[in-house]
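Novice: For reference, the structure I am asking about is given below.
The values are calculated or read from the model by the stated rules, or taken from the named source; none is laboratory data. The shown structure was predicted, so the numbers you read here are calculated from the model rather than taken from an experiment. Because the Cβ atoms are built from the backbone with ideal geometry, glycine has one as well, and the counts that use them run over all protein chains shown.
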Amino acid sequence: VKGAAMGASLMLKTRDDVAKIRAALGQSLGVSPQKITEEQLRKVFDKCDQDGNGSVSFAELAGAVKALGVKVPEIEMRELMMEMIDSSTVHELRFEDFLGWWRTMVPDSPVLLLHTEAELDQVLADEAPSNRLVVLQVGFTFCRPCKAFEPKYQEFAKTYPDARFLKVFGNENRDMVHLSRDRLKTRSTPTFYMFRNHEQVSMHTGAKAFKFEQHLRKALVEGEVGYDPDFEFTPDPPPVGAPAAK
């Protein structure tokens, strides 16, 4: 039992390391991780391959991660190396394995799950020049309304493709705690924040699809899918049984 607990703890630490590496790599390339191309990953890999033999050793990988400014203990670095290599007989990292690992860590989804505050800042920087709407959902891993709303959030991301949809768990790690509690001042979940050009343009709390779409449509501008010049924002309807306003 003790060994299993230690293994689980190491796995969680490795997940946190991956998030930091992913964010740092995005920052070094000037784009959010989801926008990094295979060509860019190839250049990153070739830079790691200092002896030019077509594969990356543990020492080369550890040195590259250190150069990104990410501190990873050796035991966690070795665990990460083993995770990347898709073979029990190979001891060096090939590009095909690195590419496959990256695609697993950064899945192609209409909603991007962030793990660090730096990743959010990078996405906001990416979308600022085009003035694209960025939608951020803040939830907690134990939040039942957040889980119930997830399929609807995914559908909204497909219905309104001109907006960039993001999600974070405010209790995932220290970085996310700081983001949700100190920077965004999140008090309950799910809470949704909408940004344009780094500026927050909307915020509301609650897992009601109607309410979410009202705020989303209000934040749209001409030329974006779903924009309607005649759209009128509808306040939340009164609770069932409440007396009508006079």
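Novice: Identify the single condition in (1) among the hydrophobic types (A, V, I, L, M, F, W, C); (2) exposed (fewer than 14 other Cβ atoms within 10 Å of the Cβ); (3) within 30 Å of S28 (Cβ to Cβ) that V138 does not satisfy, given that it satisfies every other one.
Specialist: Unmet condition: (2).
Novice: Here's another thing I want to ask about it. Residues of the range 211-236 being under 17 Å from R132 (Cβ atoms) and in contact with a His (Cβ under 9 Å, 6 or more places away or on another chain), which ones?
Specialist: The one that is under 17 Å from R132 (Cβ atoms) and in contact with a His (Cβ under 9 Å, 6 or more places away or on another chain): H215.
Novice: Need pairs with beta-carbon distance below 7 Å; first residue more than 19 Å from D126 (Cα to Cα) and in contact (Cβ under 8 Å) with a residue 24 or more places away in the chain and within the range 175-200, second in a strand (DSSP E or B) and of a type in the set (G, A, S); sequence gap 6+ or separate chains.
Specialist: Cβ pairs passing all conditions: T189/G139; P190/G139.
Novice: Still on this model: Within the range 110-117, does at least one residue satisfy the condition of being modelled with pLDDT of 85 or more, over 14 Å from the mean Cα position of the chain (by Cα), of a type in the set (A, V, I, L, M, F, W, C) and crowded, with 20+ Cβ neighbours inside 10 Å?
Specialist: Looking for residues that are modelled with pLDDT of 85 or more, over 14 Å from the mean Cα position of the chain (by Cα), of a type in the set (A, V, I, L, M, F, W, C) and crowded, with 20+ Cβ neighbours inside 10 Å, one finds none in the range 110-117, hence no.
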